[in-house]
Amino acid sequence: MDKLVISGGNELKGTIKVSGAKNAILPLMAASLLTEGWHQFENVPQLRDIRTFCTLLDYMGAEVDCSETLRINTSDVNRLEAPYDLVKTMRASVLVLGPLVARFKKARVSLPGGCAIGARPINLHIKGLEALGVDIQLRHGYVEAEAKKLVGNHIYLDLVTVTGTENLMMAATLAEGTTVLENVAKEPEVVDLANYLNSLGAKIDGAGSHIITIEGVKELNTPKPYRVIPDRIEAGTLLVAAGITGGEVTITNCIPSHLESIIHKLQETGMTFDIGDNWVTARSADQILSTDVKTLPFPGFPTDMQAQFMALMCLGNGTSVITEQIFENRFMHVSELRRLGADISIDGRTAVVKGVKELLGAKVMATDLRASASLVLAGLAAKGITEVSRVYHLDRGYDRLEKKLSALGAKIERTKE
Ligand code: EPU
C-alpha cells in the first residue's frame, strides 16, 4: 500500500492544470450503455474509480480502451449485471441501472451498502424507475429490474440526488413519451451528462435547473467524441492548497462559474482571486480568517469540499462552525486532523473548529476520498513530517495529486508503507 510523506511548511506557487471531472466521466461511461458504437471521451483523468468502471463495462461485454482518451464500444454488451465486488468498491456502479434497463429492459445491480460517509440509500433511483414502468425486486442483495417498456411520467424527487437524477435522466431518454423530473440535482456534472445525451440525439431540456424534461426517443445516434468538464472539486482543493500554505496558485483548464460558492467562501477567509475565462489565480491572506459554512446541493457549497475547507479552518484566527447537510457521517477526517493538533469538536452534523496557531506533522490515516485530501492539505501546512496512509482512497478521485502539488513546490512524495 502507498503512503504520502509530506514535509510541511512550503508556500505553494505556480500554475497547474485541472484534470477532467471524476463525477462527470463516471455517468458518461454509464451513458455509453444506452447505445451501441464507439463512445470517445477526452480530458479523462487517471483515477482508480475510472479503472473500476472500465472493469465493470468490460465484465458486461464492452470493449474498453482506458487511457486519457477513453474509448468504449458497447455494441456487444450481453451481461446485464453489476456484481457486488465492483459495486462495493465504487458506489457509482449503480449508474448502470438506468441505461441498462432503458436499452435492454433488464438489469441486475448489487445494492450498494452504507459507506464511510453515510447510509446512502438508492430508494429514489428505484422509486423513479418504478414510476417509468420498471418492475423492481430486491433479491439476494441485488436490485433486479425488468420492464416490457419504459413510459414517461412526472417524478418528484423528495431529496436532491445527483446520481439519482442521472440514472433517471438516462432511463427516460429511451422511454415512450415525456418524463418530467422535479427537484433534481443542478450539479454541472448533471448538465454535462445531459449535453452528451443530447449530442446522441436525446431530447433533454432544463438540465441545470430544478426541473428536467425529457422527451423519449426510440433510439440514439452514433456517438461523437466528447470532452469531459474539468473537476471543480480538484480545482477547489488546489485553491485551498494555496490558502493553507500562504502561497499563490493559478489553476487553468477550469470553469470559474462552477467554483463560485467555493471562491466566495475562500474570499471570506481573506484569500483574494483574479478570475479569467478558464483560469483562476488564488492568493493567500496574511492571516486566515475563520468563517462558517454549510454544505448544500449545487450551487451551494459542495459537501465534497467540506473536509478540505475544514483543514483550512484549523488554522483560522477564531472559531468556524461547519455544518454537513448532505451526508450524516462525513466527519471521519476530524479525529485525524486532531492528531495534527487541530481543535475540533463535533455535535451531530456540526463541527466547531477553533483555529490553532500551528499544526504539527504526524502519522494519519485516510478514511475516504475527500478526507484524504483534507489530510494532505493539513500536512502541507503542518510543521515537520506528516505521513498519510491508505492513499488508495485519494487515488480514487485525484489524478496524481502529489505530482501536481510537487510541481507547485510542495515537498511530498509517494512511498510504500
Ligand atoms: N439519498 C437518499 N436516497 C436516494 C439517493 C440519495 O436518501 O435514493 C440521499 C443520500 O443518502 C444523501 C443525499 O441524498 O444524504 C444526497 O446524495 P446523492 O444521491 O446526491 O449522492 P450521490 O449521487 O450518491 C454524488 C457524488 C458524490 C457527492 C454527492 C453529493 C458521484 C459519482 N458521486 O453522490 O461524490 O458527494 O453526489 O454531491 O457523482 C465524491 O466525489 O467524493 C463523492 C462522494
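Where a number appears in this text, it was derived from the coordinates with a stated rule and is not lab data. What you see is a predicted model, and the numbers here were worked out from it, not measured in a lab. We place every Cβ from the backbone using ideal geometry, glycine too, and count neighbours over all the protein chains shown.
What the table shows:
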| item | result |
| --- | --- |
| q = 0.06, 0.10, 0.12, 0.14 Å⁻¹: log10 I(q)/I(0) that the Debye formula gives for the chain, counting C-alpha atoms only | -0.24, -0.66, -0.93, -1.21 |
| Mean Cα-pair separation over length for the chain, i.e. relative contact order, pairs under 8 Å, 6 or more apart, % | 22 |
| From phi via Karplus (6.51, -1.76, 1.60), per-residue ³J(HN,Hα) for the stretch 352-362 in Hz, x at Gly/Pro | 10, 10, 9, x, 10, 5, 8, 9, 10, x, 7 |
| Per-residue Cβ neighbour rank within 10 angstrom, fewest leading, Cys115, Cys314, Cys54 | Cys115, Cys54, Cys314 |
| The stretch 192-261: trypsin sites (Lys or Arg not before Pro) falling in loop per DSSP and having at most 15 other Cβ within 10 Å | Lys218 |
| The stretch 20-77: GluC sites (Glu not before Pro) falling in loop per DSSP and having at most 14 other Cβ within 10 Å | Glu68 |
| Spatial separation of Cα centroids for the stretch 308-324 and the stretch 149-187, in angstrom | 36 |
| Whole-percent pair-distance distribution, where bins are 5 Å wide, for the alpha carbons of the stretch 359-413 | 5, 22, 31, 29, 13, 1 |
| Range of Cα positions in the stretch 294-359 per principal axis (Å), largest first | 33, 20, 16 |
| Those lysines that a straight Cα-Cα span of less than 30 Å connects to Lys203, excepting residues fewer than 8 apart in one chain | Lys22, Lys105, Lys106, Lys127, Lys148, Lys149, Lys186, Lys218, Lys224 |
| Debye log10 I(q)/I(0) at q = 0.16, 0.17, 0.18 Å⁻¹ for the stretch 212-337, Cα point scatterers | -0.79, -0.86, -0.94 |
| Sequence-distant lysines (8 or more away, or on other chains) whose Cα lies within less than 19 Å of Lys13 | Lys383, Lys403, Lys404, Lys411 |
| Cleavage-rule hits, trypsin sites (Lys or Arg not before Pro), the stretch 25-123, DSSP coil, Cβ neighbours within 10 Å at most 14 | Arg79 |
| Charge context of Ala282, other residues only, Cβ under 9 angstrom, K/R +1, D/E -1 | -1 |
| P(r), alpha carbons of the stretch 325-393 - 5 Å bins starting at zero, rounded % | 4, 18, 28, 25, 16, 8, 1 |
| Across the chain: Cys residues that no other cysteine approaches within a C-beta distance under 4.7 Å | Cys115, Cys254, Cys314 |
| Descending semi-axes in whole angstrom, ellipsoid equivalent of the stretch 63-107, from the Cα gyration tensor | 18, 16, 9 |
| Diffusion constant of the stretch 266-313 at 20 °C, which comes from Stokes-Einstein with the Kirkwood Cα-pair radius and 1.002 mPa s, µm²/s | 179 |
| Nearest 10 degrees, 0 to 90: helix 22-31 Cα axis against the chain principal axis | 10 |
| Quotient of C-alpha Rg and 2.2 N^0.38 Å, computed over the stretch 153-209 | 1.00 |
| Most mobile of Asn43, Asn253, Asn123 in a GNM of the chain (Cα contacts under 10 Å) | Asn123 |
| Angle between the chain longest axis and helix 48-60 axis [Cα atoms, degrees, rounded to 10] | 20 |
| Ratio Rg/Rh [Cα only; Rh per Kirkwood] for the stretch 81-212 | 0.94 |
| Pairwise Cα inverse-distance average, inverted: Kirkwood Rh of the stretch 1-127 (Å) | 16.1 |
| The stretch 153-193, relative contact order in percent, only Cα pairs under 8 angstrom and at least six apart counted | 57 |
| 3J(HN,Hα) from dihedral phi, the stretch 125-131, Karplus parametrisation 6.51/-1.76/1.60, rounded to Hz, x for glycine, proline | 4, 5, 4, x, 5, 4, 5 |
| Pairwise centroid distance, computed over Cα atoms, of the stretch 1-48 with the stretch 197-230, Å | 22 |
| Relative contact order [Cα under 8 Å, 6+ residues apart], the stretch 211-341, whole percent | 21 |
| Sorted by Cβ density within 10 Å, fewest first, the residues Asp49, Asp65, Asp277 | Asp277, Asp65, Asp49 |
| Euclidean distance between Cα centres, the stretch 325-356 to the stretch 49-81, Å | 38 |
